[in-house]
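The values are calculated or read from the model by the stated rules, or taken from the named source; none is laboratory data. What you see is a predicted model, and the numbers here were worked out from it, not measured in a lab. Backbone-built Cβ (ideal geometry, glycine too); neighbour counts: all protein chains shown.
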Amino acid sequence: MMGRPLRPPFSSVREDLDMRQKRQIPWKTLLVALPAALVGAVLGYWAMGRADAMGGEGLAKAGHLLLILALAALACLLQIVVHEGGHLVCGLLTGYRLMFYRIGRIMVARVEGRWRLCRYHIPGTGGQCLMAPPERMPVPYRLYNWGGGLANLLLSALALPLFLQAEAPPAQVFSGALALLGIGLAATSLVPMQAGGVGNDGYNAQNLGKDPAALEQYVCQLRINAALMEGRSPSDMPEEWFPLPPADSWGNPFAATSAMQAAGRRLEQGAVEEAEGIFRALLDREDLLGLYRLEITCEAVFCGLLLDRPREELEELNTPELEKYRRATRPYFPSRSRQDYAWALLAEGDRGAAERARARFEAAAASSPYPGELAGERRLLELVDRAAGDRHFS
């Protein structure tokens, strides 16, 4: 029997989604990207001049250019390593525990109490240092947030004398790139600003203390991430880590994240209608971040499948942008394959497509450093199987 329609219907949510996405102009993102682009342009122009100074023609000149580019790339990589190392050192100094340290796709992670070297990728990020906050209250947060940018400035200060004394073009490029990139990274990290509504490290260090609720949400989110790596699913974690903030605060990214996590925990526990209600309320907000809207829409469709909502309403949400987001994140997020599995089984009745989605889930799970997340995802897969079985026999 077909389930009752959503109110408001998904078709109106889709129209709102399209209109909001057309209205969004990422001015703040552009302001963040502009200094980085300027630094890159200056560095590239100057590095090309250093390659010319090395002389040579033909293959020799091409070799010099490749060497210069490699040194500039190495300097960039070193500044990323130092940035994440700065968060690590400052976190340890203030009582945090390291959970993982990632540069590119290479990560050292503490999974279920044991350290392991693994490959993991989050699109759009060059590195990440995730730490669990100390138990004492209030939790320190300023030095941890400032640590990356301060480390970049320190390396720039050390590289500047080397640049001033260097005579060989390769040494000049490497030390100059270290100094210039460090200043650029420190500026985009330490100068308080928001990009797409999300605050950078400097913004968080400056403003978290002004909003006790946001600080509590920030700390809970760090603890949830650490617990997922320790093997606990959201249902196994303390309920107080999943507060549902007042709806009028959901424009704040920390509050919106807490609301998403609260809905996700309810979904994992089988309270599907309650979870769907939170997801729907989030989608009704004008000020919800675009990335959050896409992720929440995926989960709203999943809830609709479990609750046997009319298929045409669910299909209305599959905008081209949503499908593009799903394709881009499918290799990295096990949840995406879980959602594909539900669509194939509950909307299409296609066992073959469902099995392929389940295989993709297992492939993504094999590289995930979050065993607790996987445990929760498997519970959701069981909900899908149960719903499919109930409809088969009804």
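Each residue in the range 109-127 was checked for being surrounded by 15 or more Cβ atoms within 10 Å (Cβ to Cβ), in a strand (DSSP E or B) and not charged (D, E, K, R), and 4 of them qualify. State whether the residues of the range 304-323 include one that is in contact with a Gly (Cβ under 6 Å, 6 or more places away or on another chain), in a loop (DSSP other than H, G, I, E, B), of a type in the set (Asp, Glu) and assigned by TED's automatic domain parsing to the domain that holds ARG266. Yes, there is a match, as at least one residue in the range 304-323 is in contact with a Gly (Cβ under 6 Å, 6 or more places away or on another chain), in a loop (DSSP other than H, G, I, E, B), of a type in the set (Asp, Glu) and assigned by TED's automatic domain parsing to the domain that holds ARG266. Looking only at residues of the range 227-248 that are in a helix (DSSP H, G or I) and over 21 Å from the mean Cα position of the chain (by Cα), we find that the one that is nearest to GLU295 (Cα to Cα) is ALA247. Per the listing ALA366, ALA354, ALA359, ALA387, the residue uniquely buried (at least 18 other Cβ atoms within 10 Å of the Cβ) and free of Cβ contacts under 8 Å to residues at least 40 places away in the same chain is ALA354. Among the residues of the range 273-284, are any basic (Lys, Arg), free of Cβ contacts under 8 Å to residues at least 60 places away in the same chain and touching a helix residue (DSSP H, G or I) at 6+ places or on another chain (Cβ under 8 Å)? No: zero hits. Within the range 324-334, being more than 19 Å from SER367 (Cβ to Cβ) and part of a loop (DSSP other than H, G, I, E, B) holds for no residue.
Just checking, does the range 253-260 include any residue being of a type outside the set (Lys, Arg) and in contact with a Ser or Thr (Cβ under 6 Å, 6 or more places away or on another chain)? Within the range 253-260, one or more residues are of a type outside the set (Lys, Arg) and in contact with a Ser or Thr (Cβ under 6 Å, 6 or more places away or on another chain). Inside the range 247-280, residues that are touching a strand residue (DSSP E or B) at 6+ places or on another chain (Cβ under 8 Å) and among the aromatic types (Phe, Trp, Tyr) make up a count of 0. Could we say that PRO243 is out of contact with any Gly (no Cβ under 8 Å at 6 or more places or on another chain), outside the structural domain of ASN145 (by TED's automatic domain parsing), surrounded by fewer than 18 Cβ atoms within 10 Å (Cβ to Cβ) and within 29 Å of ARG110 (Cβ to Cβ) here? For PRO243, the condition - out of contact with any Gly (no Cβ under 8 Å at 6 or more places or on another chain), outside the structural domain of ASN145 (by TED's automatic domain parsing), surrounded by fewer than 18 Cβ atoms within 10 Å (Cβ to Cβ) and within 29 Å of ARG110 (Cβ to Cβ) - is met. For the range 103-139, the set of residues classified as under 28 Å from LYS210 (Cα atoms), among the charged types (D, E, K, R) and touching a residue at least 40 places away in the same chain (Cβ under 8 Å) consists of ARG136 only. Residues that are in contact (Cβ under 8 Å) with a residue 60 or more places away in the chain and more than 12 Å from TRP250 (Cβ to Cβ) were ranked within the range 285-299; the one that is surrounded by the fewest Cβ atoms within 10 Å (Cβ to Cβ) is LEU291.
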